[in-house]
Structures are given as structure tokens and as C-alpha cells.
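Bear in mind that the values in this text are calculations on the coordinates, not laboratory data. In this text the structure is predicted, and so the values were computed from the model without any measurement. With ideal geometry, Cβ positions are generated from the backbone for all residues, glycine too; neighbour counts draw on all protein chains shown.
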């Protein structure tokens, strides 16, 4: 009798397809680009590096932006964008850390994290601050300027 190759079940095929479709999306979330942005508010001037994902590229296409930055939840500052960003390629991520620059799709706002946080559905990591989070510790509501770093 000749050995037969293993039969593929529908469940195995679906799992393989789902993993293959998800992996490129997760890889986008962590890959740095050479896209640098300048962030200015309350006398602070600092930079961030955007990741290579569709949401970060969509965000970069909107620059320069003049927004308002304000405190939220004792661990982040937020600023509302003039329009929502694409959510293509979004998905869960790990290694959340102060200094992350994210987009919260349900509200359409940027989130600049200066203290610990956990991933939640709808949060898309756009990049990281290049220096420390000290500028984000300035309490209050301020005009915010975000532009490409030249």
C-alpha cells in the first residue's frame, strides 16, 4: 500500500490563509521609515519617526497640521485630526511603551503616550518619539504644530 499525503481540512486551510493575510499587516506596524516629523507645542520642539504602515502614510499626507493638544487619562495627550485616517493594515500590537504615537480610530484622534498603556481595539501605532517623553508632561491645552522634518 502507498502512503497518502495528509488531507487538509477546511479549518487548516482557513487558519493558514488568515495567518498569511495578517502577518504582513503586523510587520508594517513595527518597521521604521526615514519619515521624520517635527512636533511643536508650548515651547517644546521635538521629533518622531513614523512607521511604515498605511495609517502612518495617510497621516503624513495631511502634514503640515495645526491642531490643539490636550491632556487625557493621565498617560497621554491627544489631538483631533481634521479627518479620519485609513485603518488598512491595522491590528493588535504588543510592546506598548511611553513615547508611542498612535491613532485612535473610533474618535479620530492622535494619542501621544507619555506613560504606560495597553493596546485596545481601534488603536493604531503610527510611530515613536525620537527623544524622551518630557515635553508631553507639560499639563494643559495648547496649539500644536506637526510638520515634515526638513
**Report entry** Computed FRET value (nearest 0.05) for residue 134 with residue 71, which takes r as the C-beta separation and R₀ as 22 Å
**Finding:** 0.90
Requested in this report: Tell me, rounded to the nearest percent, the portion of alpha carbon pairs in the range 32-148 spaced more than 23 Å apart.
Outcome: 18
Report summary line: Quick note, the range 95-150: a/c under 1.5 would make it rounded; otherwise a/b > b/c is prolate and the rest oblate (a ≥ b ≥ c, C-alpha gyration tensor); here it is rounded
Query raised in the report: At a Förster radius of 22 Å, what calculated FRET efficiency corresponds to the Cβ-Cβ distance of residue 119 and residue 150, to the nearest 0.05?
Result: 0.10
